[in-house]
Amino acid sequence: MHSQNSPAPELLDQAFKALDGFQIEVPSWGFANTGTRFGKFVQPAAATTLKEKFADAAEVNRLTGATPTMALHVLWDLPNGVRDIGELRVLESRYGIRAGSINPNLFQDQQYKFGSLCNPDAGIRRQALDHVLDSIEIARACGSRDISLWLADGSNYPGSQSMRRRIEWLEDALHTAHAALGPEQRLLVEYKPFEPAFYHTDIADWGMASHLARAAGPQARVLVDTGHHYNAQNIEQIVAWLLHTGLLGGFHFNDRRYADDDLTLGSIDPYQIFRIFHELQNGHELQSGHELQSEHELQNEQDQSLLHAMAFMIDQSHNLKGKIEATVQTVVTAQELWLKASLINRELLARHQQACDIVAAEELFRGAFWTDVRPLAAAWRAARGLAPDPLKALREGGYVERAAAERGSRSATVSSYA
Ligand code: RM4
Ligand code: MN
Ligand code: MN
């Protein structure tokens, strides 16, 4: 008999599998100074160099055991392109963190005022495409699988641009970019319905992103940023459709209340992330054909490969919370919600669904969400040699104070994100 405080062995086993299979990528820009369009609040511990971003990512990984890769933004992290790869390699091995997705930057330079890949000026479209091609080259040199494309393109006033022409330009550009991918690489197409353009954006939703991914070629996929939806949109249904059509490439996780708020994952609506995680875990079972069978072992290898094909990334910029603390909090929350979703008895759920027993299905679903999984997560951490409470360990370890003392004098001079 196990005591009330120690979880049952079968449950532990299930939890360990879930957490062993869960990894999430941290964004380099999450460690840098950022602000709002009204101003920037500088933090003395913020990272201002690539080396410092790697050091911070390593600290998060040391505490959580779940973040072995870091997403890079080309202009902010590798301003000299492939010439920066040498330094990157050194940092990767020094800090035990690998370069993750490579993000082209098509929104910062002056020439992009009226768009990048959809700019009416053919010369500017070409420059933007060249930057995407350079980014693919950089990703190849880093050994990075994913090139993650977000466009700020759009228009602010009705009639001021031809939406149709811009679709054609995008199709052409993405097709050309796709042709430059190596066999192991993927092009992830991110959508967003607003900001910085407010009348139309060129890739506004998952339907447009799906079409463009298909038009680009077989190695293109859709990237779902949870902050890039209208209020009340059913994101888990979008996830279910993208899984069904084989077009889901990955996520930028964050939370939002009004717009692209970039709040920490699960801070406003943890149930939504749980519902998305359920679709993903359910998706695996459906795809590997075991949804109604009783054994779970067989799925493990297939599930792992499916999971690894899915890029789980954080896209958050913290300007009020401490950056490393917010990142650790995000990763721990993601692990807890992933674990909760793994507790859903999907065979039983499928039976309730088949019988249209609404309340039983709903209670089973909610029951998993309301389970306190923190003891399971703590047991997993203990078994994997990690700190039982990563946030507490961060506070007690003094890393942030040391970083602030070393970096404090420099951080005021840098621009956002870089
Ligand atoms: C955008 C989008 C991109 C991110 C930039 C900084 O809203 O989410 O993924 O790279 O912000
Ligand atoms: Mn994003
Ligand atoms: Mn965003």
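The values are calculated or read from the model by the stated rules, or taken from the named source; none is laboratory data. A quick note: this is a predicted structure, and the numbers were derived from the prediction, not measured. Positions of Cβ are backbone-derived with ideal geometry, glycine not excepted, and every protein chain shown enters the neighbour counts.
Between a residue in the range 147-168 that is within 16 Å of Ala128 (Cβ to Cβ) and any residue that is part of a helix (DSSP H, G or I) and within 16 Å of ligand 1 (Cβ to nearest atom), which pairs come within a Cβ distance under 6 Å, given they are 6 or more apart or on different chains?
Sorted first by the residue in the range 147-168, then by its partner, the pairs are Ile147/Ser135; Ile147/Ala139.
State whether the residues of the range 161-175 include one that is modelled with pLDDT under 95 and more than 16 Å from ligand 3 (Cβ to nearest atom).
no
Restricting the range 114-140 to residues that are touching a Gly at 6+ places or on another chain (Cβ under 9 Å) and aliphatic (A, V, I, L, M), which is surrounded by the most Cβ atoms within 10 Å (Cβ to Cβ)?
If we filter the range 114-140 for residues that are touching a Gly at 6+ places or on another chain (Cβ under 9 Å), which is where we start, we get 115, 118, 121, 124-125, 128, 134-140.
Next, only the ones that are aliphatic (A, V, I, L, M) stay: 124, 128, 136, 138-139.
Values: Ile124: 19, Ala128: 25, Ile136: 22, Ile138: 24, Ala139: 28.
Going through the qualifying residues, I end up with Ala139.
Being touching a residue at least 60 places away in the same chain (Cβ under 8 Å) and over 20 Å from Asp134 (Cβ atoms) narrows it down to one residue among Gly39, Gly96, Gly30, Gly115; which is it?
Unique residue meeting the criteria: Gly30.
Please specify each residue of the range 182-196 satisfying the condition of being surrounded by fewer than 21 Cβ atoms within 10 Å (Cβ to Cβ), away from ligand 3 (no atom under 16 Å from the Cβ) and either part of a strand (DSSP E or B) or more than 18 Å from the chain's Cα centre (by Cα) (or both).
Gly182, Pro183, Glu184
Exactly one of these conditions fails for Ala32: (1) among the small types (Gly, Ala, Ser); (2) touching a His at 6+ places or on another chain (Cβ under 9 Å); (3) surrounded by 19 or more Cβ atoms within 10 Å (Cβ to Cβ). Give me its number.
The single condition Ala32 does not satisfy is (2).
In the range 1-99, which helices (runs of 4 or more DSSP H) lie fully inside it and hold 3 or more residues that are farther than 18 Å from Ala377 by Cα? Before you say what the answer is, go through the steps one by one.
Values: elements: 9-20, 50-64, 74-77, 85-95.
By residue number, 50-64, 74-77, 85-95.
Does Glu137 satisfy the criteria of being in a helix (DSSP H, G or I), in contact (Cβ under 8 Å) with a residue 12 or more places away in the chain and closer than 24 Å to Arg83 by Cα?
Values: in a helix (DSSP H, G or I): yes; in contact (Cβ under 8 Å) with a residue 12 or more places away in the chain: yes; closer than 24 Å to Arg83 by Cα: yes.
Criteria met by Glu137.
Sort out which residues of the range 219-245 are more than 18 Å from the chain's Cα centre (by Cα), closer than 24 Å to Ala179 by Cα and free of Cβ contacts under 8 Å to residues at least 40 places away in the same chain, and write them in order of number.
Thr245
Are there helices (runs of 4 or more DSSP H) fully within the range 308-399 with at least 3 residues that are under 18 Å from the mean Cα position of the chain (by Cα)? List them.
323-342
Could you please tell me which pairs satisfy a Cβ distance under 9 Å, a separation of 6+ or placement on different chains, a first residue in the range 349-363 that is closer than 21 Å to Gln281 by Cα, and a second residue that is at pLDDT 95 or above and not in a helix (DSSP H, G or I)?
Taking only residues 6 or more apart or on different chains, the pairs are Arg351/Asp357; Ala361/Ala355.
Would you point out which residue out of Ser93, Ser116, Ser135 is touching a strand residue (DSSP E or B) at 6+ places or on another chain (Cβ under 6 Å), modelled with pLDDT of 95 or more and not acidic (Asp, Glu)?
Step by step, each of Ser93, Ser116, Ser135 is checked, and only Ser135 is touching a strand residue (DSSP E or B) at 6+ places or on another chain (Cβ under 6 Å), modelled with pLDDT of 95 or more and not acidic (Asp, Glu).
Can you confirm whether Gln219 is under 23 Å from Val26 (Cβ atoms) and more than 16 Å from ligand 1 (Cβ to nearest atom)?
no
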